[in-house]
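Comments concern the structure below.
Where a number appears in this text, it was derived from the coordinates with a stated rule and is not lab data. In this text the structure is predicted, and so the values were computed from the model without any measurement. Note that each Cβ is placed from the backbone with ideal geometry, even for glycine, and that neighbours are counted across all protein chains shown.
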Amino acid sequence: MLTIGQVARKYSISRSTLIYYDRIGVLSPSGRSDSNYRLYSERDLKTMDRIMLFRSAGLSLDAIASLLDIEGGDLNSAFEHRLSSINNEIQGLRNQQKVILKLLENESSALNSRVLTKDTWVSILKGAGLDEAGMKNWHIEFEKTSPEAHQDFLESIGIEQGEIESIRQWSRQV
Amino acid sequence: MSNEVMNKEKWVLLFREIGLDEATMKRWHREFENRYPDGHQSFLEWLNIPHQEIVKIRAL
């Protein structure tokens with residue numbers, strides 16, 4: 001027979017957990033010492049093994065209590081029940097993940113909208129009534145009056161170095 | 001960024017050179033503000049325009 005302290009150590013749980021199990025009837029030790037301390041038998045420890053197994057599967061103490069009397073087949077239905085609740089939890093977490101990703105996405109696109117891209121520029125220049133020829137002239141003038149700023153500008157809207165070179169080249173040639 | 005500074009005057013000059021008049025530039029700002037308000041702000045900041053003036057331009 002093992003004392004409550006020995007059982008607690010054996011399963012790395014607290015004495016108060018064992019006292020609680022006793023109180024709710026999940027596991028009541030079969031013996032008492034002369035001074036009325038709880039004593040656990042081999043059979044109690046077997047039950048304790050099952051309790052720990054069910055606990056690590058995430059079953060509630062209520063479910064564990066009702067399972068301890070049952071053997072075999074009904075265990076399956078308890079685990080199926082647990083499985084479906086795990087699935088629900090996963091689904092819930094997935095939904096949270098989606099919401100958070102969405103929030104992060106909005107945040108970063110809000111930041112990105114501060115950065116102008118080539119397409120943005122082309123569309124607002126078009127909006128101002130500038131046609132292809134007008135935009136070409138704009139590059140030509142830009143290159144003529146402020147070549148370095150032209151380079152900076154093209155870099156700032158995310159154009160590749162190769163394309164920048166070709167834009168500046170034809171801007172100079174005209 | 002290079003040492004060569006792009007500023008409002010140079011930018012306006014550039015637009016004039018290619019034939020944009022005052023009215024068109026105004027329309028351009030309005031377009032810019034309508035479609036890309038944050039980009040408009042960044043652009044005006046990039047030209048080193050003082051905050052007060054940026055507010056005025058964006059309200060055009």
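Just to confirm the number: angle between the C-alpha axis of helix A:161-173 and the first principal axis of chain A, 0 to 90 degrees, nearest 10? Long axis of A:161-173 versus the principal axis of chain A: about 10 degrees.
Could you work out, residue by residue across A:143-154, how many beta carbons of other chains sit within 10 Å of that residue's beta carbon, and then give the average as an integer?
4
FRET efficiency for the B:R27 to A:V174 pair, using the beta carbon distance and R₀ = 35 Å, is estimated at 0.85.
The listed peptides A:25-33, B:25-33, ordered by packing as a protection proxy, come out as B:25-33, A:25-33 (highest mean of other Cβ atoms within 10 Å first).
Between the amide H of B:L20 and any residue lying 5 or more places away or on another chain, no distance stays under 5 Å, with hydrogens modeled in the peptide plane.
Counting Lys and Arg as +1 and Asp and Glu as -1, each charge on the Cβ, what is the dipole of the protein assembly as shown about the Cα centre in debye, to the nearest 20? Computed about the Cα centre, the dipole is about 960 debye. Principal-axis analysis of the Cα atoms of chain A puts helix A:42-56 at an angle of about 20° to the longest axis. Excluding same-chain neighbours fewer than eight residues apart, the lysines reachable from A:K126 by a Cα-Cα span under 18 Å are A:K118, A:K136, B:K26. Across all Cα atoms of segment A:1-100, the radius of gyration (one decimal) and Dmax (whole number) stand at 17.0, 61 Å. Taking θ as phi - 60° and the Karplus parameters 6.51, -1.76 and 1.60, the scalar couplings of segment A:89-95 work out to 4, 4, 4, x, 5, 4, 4 Hz in sequence order, x denoting glycine and proline.
Take every pair of alpha-carbon atoms less than 8 Å apart whose residues are at least six positions apart; their mean separation over the length of chain B yields a relative contact order of 41 percent. A dipole drawn for the protein assembly as shown from +1 and -1 charges on Cβ atoms has a positive end, and of B:G39, A:W170, A:W121 the residue lying farthest that way is B:G39.
Within a straight-line Cα-Cα reach of under 16 Å, B:K56 can be paired with the following aspartates and glutamates, leaving aside sequence neighbours fewer than 8 residues apart in one chain: B:E22, B:E31, B:E33, B:D38, B:E45.
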